[in-house]
Amino acid sequence: MSKKTLAMSSLVERYIAYRRSLGYRIHSEAYLLRSFGQYADNHAAGRPLTVEVALQWATNCKGKKRIYHAKRLDVVRSLARYLAVFDDRTEIPMRGLLGRSYDRIPPYIFAPAEISLLLGTCLTYAPSFKRDPMTGLRNATVIGLLACTGMRIGEVLALKNEHVDLDEGVLRVCHSKNLPMRLVPVSDSARISLLNYRIARDRQFGNADQADPFIRSPRGGHLPYTTMRCAFDQLLKRANLNPENGRKPRLHDLRHTFACNHLLRAYQEDCNIDDAVHELSVYLGHATLTSTYWYLSSVPILMQQCSKRSESSIKRARLGGES
């Protein structure tokens, strides 16, 4: 007796519901999955998921680069792994069948002096000061928080007052990219800076409710990402931070800088690098350790430290444990 196969669109909806029940926030992925479900129902109705249909759909988008085709196939691959649990006829596309599905931009790692320069520029350059007296301090608070915690810019802008415990020095990040919630402890100096911002904000706009945004826009709501990105670009120009390679630093590079510095300290203090990666992965809210290990192979200064440690280990082994 042959197995009855449900419409692929129905199976897709089950998978999306399953991922969201685990706390994952999938938006663009859900859109692609539903697109595949409709395609499969139109071109292979009543059949289990096959590599052939997955490839046809993944490459069925004119004018797109190969890397985008590979990304589409990766989405179907995750669906196939789920469906294979319930239907052994499901074919799972091989990883890398269409090549790499991502092409990460090398991060810009800020030097400590550059971050200090940016923070100083925030407080001395505020073109909209008359309209919004909080501009300089707010920009400095956002940039400083990104630099000292490695949080994502979206997570910082989404903070509410109830998420910021300045008595304990802990931030509660809700509905982040990969986790429903995580706690981010901050240093005493960061806690004091956040407290000073809150005092100045409430003095300017009045006491805020717990459900109100911590980083407040002039109009009272959450500060839009586009507003902060434009301000950051202006600050870079004002501070004359122009990299030699011509690629403009991004707000997200402050997160990369935090991660790089954490791992660099682990090397310099001769700590177990695997432990350091695991700690960093939890703190940053990475879904997998692979995302954290990426830094070791993509940031030149970390690659140098990794090579030095490897050379030292080889030398000690050859000399019978002597360095």
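The values are calculated or read from the model by the stated rules, or taken from the named source; none is laboratory data. Quantities reported herein were computed from a predicted structural model and do not represent experimental measurements. Note that we place each Cβ from the backbone using ideal geometry, even for glycine, and neighbour counts take in every protein chain shown.
For this structure, a couple of remarks:
- Spans of helices (runs of 4 or more DSSP H) in region 170-280 with at least 3 residues more than 26 Å from GLU114 (Cα to Cα) and in the same structural domain as ARG131 (by TED's automatic domain parsing): 188-205
- ASP132 passes every criterion in (1) of a type outside the set (Ser, Thr, Tyr); (2) assigned to a helix (DSSP H, G or I); (3) more than 23 Å from HIS252 (Cβ to Cβ) apart from (2).
- Annotation note: of GLN56, GLN38, the sole residue that is polar (S, T, N, Q) and farther than 13 Å from SER10 by Cα is GLN56.
- Here TYR125 meets each of (1) surrounded by fewer than 20 Cβ atoms within 10 Å (Cβ to Cβ); (2) under 25 Å from ARG191 (Cβ atoms); (3) touching a Leu at 6+ places or on another chain (Cβ under 8 Å) with one exception, condition (2).
- In region 206-223, the residues that are in contact (Cβ under 8 Å) with a residue 24 or more places away in the chain and either exposed (fewer than 13 other Cβ atoms within 10 Å of the Cβ) or within 16 Å of ASN161 (Cβ to Cβ) (or both): ALA208, ASP209, GLN210, ALA211, ASP212, PRO213, PHE214, ILE215, ARG216, HIS222, LEU223
- Qualifying residue in region 21-40 (condition: over 26 Å from GLY285 (Cβ atoms) and free of Cβ contacts under 8 Å to residues at least 12 places away in the same chain): no
- Among the candidates THR141, THR90, residue that is free of Cβ contacts under 8 Å to residues at least 60 places away in the same chain and polar (S, T, N, Q): THR90
- Between ARG250, ARG191, the distinction of being surrounded by 15 or more Cβ atoms within 10 Å (Cβ to Cβ) and modelled with pLDDT of 95 or more belongs to ARG191 only.
- Just so you know, in region 149-181 the residues that are among the β-branched types (Val, Ile, Thr) and within 13 Å of MET228 (Cβ to Cβ) include one that is farthest from the chain's Cα centre (by Cα), and it is VAL156.
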